[in-house]
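A quick write-up on the structure given underneath.
The values are calculated or read from the model by the stated rules, or taken from the named source; none is laboratory data. It should be emphasised that the depicted structure is a prediction, and the values quoted were computed from it without experimental measurement. Cβ sites come from the backbone with ideal geometry, for glycine too, and all protein chains shown count toward neighbours. The area values use the complete protein model at the heavy-atom level, side chains included, leaving out ligands, DNA and RNA. Shrake-Rupley method; radii C 1.70, N 1.55, O 1.52, S 1.80 Å.
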Amino acid sequence: LHRVDRRQRQMCIRDSAINSGFGRTKGDILCYLNSDDALPPGALHHVGAFFRDNSDVDVIYGRAQIIDADDNYKGDYPTAPWDWEEFKKSCIICQPATFFRRSIWEQNVGFNEKIHGALDYEFWTRLHLRGAVFQYEPVMLGYTRYHERTKTQLMRPQIYRDIIIMQIRLLGRAHRQWWYEYLCCLKWETDFRGG
């Protein structure tokens with residue numbers, strides 16, 4: 001438990017560092033990778049060409065693969081073409097495979113550092129509510145790594161709690177799918193720990 005608490009504190013510091021880092025950059029297109037995520041060859045070229053040719057799009061995201069600690073393929077992240085109703089019940093955007101204009105980041109005051117468990121999902125939600133245009137590109141744009149020490153594994157109950165709280169604050173209510181995922185997670189943890 002102590003290791004998890006320390007890891008969560010480190011992640012909070014990391015969240016602050018993302019905003020600080022973006023504030024120091026000069027590029028027009030932004031993205032960020034967690035320390036163990038990666039981009040496939042050609043991703044940046046594709047993204048640069050897309051933004052150059054599509055001035056009306058604010059956010060582009062693509063396909064992504066899940067890899068383990070040893071770079072082994074574990075499956076495809078469930079990305080899908082942009083659909084607001086689908087997005088409210090499932091994060092169809094994979095953060096390492098997502099790129100956005102600096103102007104949209106500045107207009108939306110960056111990431112909300114209080115939402116540690118769903119930092120990117122909360123940001124995408126705010127962008128949509130403020131009129132940002134999302135575009136899905138069905139090409140491989142990122143690798144996200146899953147293993148026992150990742151935020152996704154260490155903070156799963158908090159991730160669901162943060163999403164529920166965020167949706168209630170921004171949308172007036174949380175989608176029932178997130179409540180279901182949260183309760184299943186709590187039950188699994190109780191069963192796993194023998195509670």
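List of remarks:
- Filter pass, Pro81 being open to solvent by 10 Å² or more (accessible area, probe 1.4 Å), under 25 Å from Leu44 (Cβ atoms) and in a strand (DSSP E or B): no
- Where Lys151 falls short, out of the listed (1) touching a strand residue (DSSP E or B) at 6+ places or on another chain (Cβ under 6 Å); (2) at pLDDT below 90; (3) among the basic types (Lys, Arg): (1)
- Filter result (closer than 22 Å to Tyr160 by Cβ, at pLDDT below 95 and either touching a strand residue (DSSP E or B) at 6+ places or on another chain (Cβ under 7 Å) or assigned to a loop (DSSP other than H, G, I, E, B) (or both)) within region 97-121: Phe111, Asn112, Glu113, Lys114, Ile115, His116, Gly117, Ala118
- Residue within region 63-74 that is modelled with pLDDT of 90 or more and under 23 Å from Phe111 (Cα atoms) present: yes
- Residues within region 49-79 that are within 14 Å of the chain's Cα centre (by Cα) and more than 21 Å from Arg156 (Cα to Cα), tallied: 5
- Taking the criterion of being in a helix (DSSP H, G or I) and open to solvent by less than 80 Å² (accessible area, probe 1.4 Å), the residues of region 171-184 that qualify are Leu171, Gln177, Trp178, Glu181, Tyr182, Cys184.
- Every residue from region 92-118 that is under 17 Å from Tyr146 (Cα atoms) and crowded, with 20+ Cβ neighbours inside 10 Å: Ile93, Cys94, Gln95, Pro96, Ala97, Gly117, Ala118
- Any chance Thr98 is of a type in the set (Ser, Thr, Tyr) and under 19 Å from Trp179 (Cα atoms): no
- Count - residues of region 44-78 that are of a type in the set (A, V, I, L, M, F, W, C), exposed (fewer than 14 other Cβ atoms within 10 Å of the Cβ) and in a loop (DSSP other than H, G, I, E, B): 1
- Evaluation of Ile168 against (1) modelled with pLDDT of 95 or more; (2) of a type in the set (A, V, I, L, M); (3) open to solvent by 90 Å² or more (accessible area, probe 1.4 Å) (one fails), failing number: (3)
- Qualifying residue in region 13-28 (condition: assigned to a helix (DSSP H, G or I), in contact with a Gly (Cβ under 9 Å, 6 or more places away or on another chain), at pLDDT below 95 and surrounded by fewer than 12 Cβ atoms within 10 Å (Cβ to Cβ)): yes
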